[in-house]
């Protein structure tokens with residue numbers, strides 16, 4: 001009986017030694033993977049310090065924001081995958097919802113929110129630059145300024161841009177919000193906001209969620225009504241711009257104001 005016990009104990013000791021060797025090898029392998037991933041995640045940061053942010057790809061910049069990827073992909077590889085699904089266009093990445101971003105393995109709520117926040121900061125920077133330095137001298141300037149605000153909406157919104165004598169922006173205000181096929185604008189609201197802003201001219205802007213750039217009869221009536229009302233208080237309607245994914249329609253450029 002004692003001999004059998006010694007044999008069993010010896011087997012146990014041998015097994016422990018085997019597991020110890022396996023455990024050490026497993027730890028070394030895990031450490032190797034962790035160090036590889038840490039190195040991969042840190043490369044964009046090191047490149048930014050060394051060469052400057054302008055030298056980084058879009059995927060590298062986004063990788064810095066999310067910090068880490070998944071077990072299968074590092075942060076840069078993960079963001080490269082997401083950008084590829086967006087056709088490489090930041091505009092389409094901006095349109096992705098938090099839920100859509102979270103459908104990618106390695107993107108949780110915090111990372112999705114970080115990406116959305118970065119996109120919004122980029123949009124606001126564009127608006128600040130245009131507001132501070134550019135006069136609204138063409139429909140293209142108006143389009144570039146308002147497109148980011150209106151591009152993803154599933155309903156119609158109408159905005160009034162109040163300008164001074166130099167056609168520089170004093171204030172932008174939403175004057176109406178409707179459904180997918182139309183919105184009702186109260187001319188008195190437009191006049192009130194223009195007077196409070198001490199504007200001398202106004203540009204109307206609204207979107208067509210359908211993607212059509214063709215103005216409706218209601219759009220024509222609104223343009224005429226606001227133009228006539230503003231002229232009564234010595235203000236001018238410079239333009240009425242309709243925005244859709246395909247570009248814009250300008251009443252001024254078409255000679256309809």
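Can you compute the label reach from residue 186? Point 7 Å from Cα along the Cβ direction, backbone N cut-off under 18 Å, restricted to segment 228-257. Label zone hits: 229-230. Cβ crowding within 10 Å, taken as a proxy for footprinting-reagent exposure, orders 98, 66 from fewest neighbours to most as 98, 66.
Once both labels are positioned 7 Å from their Cα atoms along Cα-to-Cβ, the gap between residue 171 and residue 51 label points is 4.7 nm. Taking a ≥ b ≥ c as the square roots of the eigenvalues of the alpha carbon gyration tensor, segment 135-250 is prolate, as a/c is not under 1.5 and a/b beats b/c. In this calculation the C-beta distance from residue 103 to residue 218 is compared with R0 = 51 Å, giving a FRET efficiency of 0.85. Short-range pairs are left out: with C-alpha atoms under 8 Å and at least six residues apart, the relative contact order of segment 135-250 is 28 percent. Arranged from fewest to most other beta-carbon atoms within 10 Å of their beta carbon, 249, 143 become 143, 249.
Bear in mind that the values in this text are calculations on the coordinates, not laboratory data. Everything numeric here is computed off the predicted structure, so don't read it as measured data. FYI the Cβ positions are ideal-geometry reconstructions off the backbone, even for glycines, and counts take in every protein chain you see.
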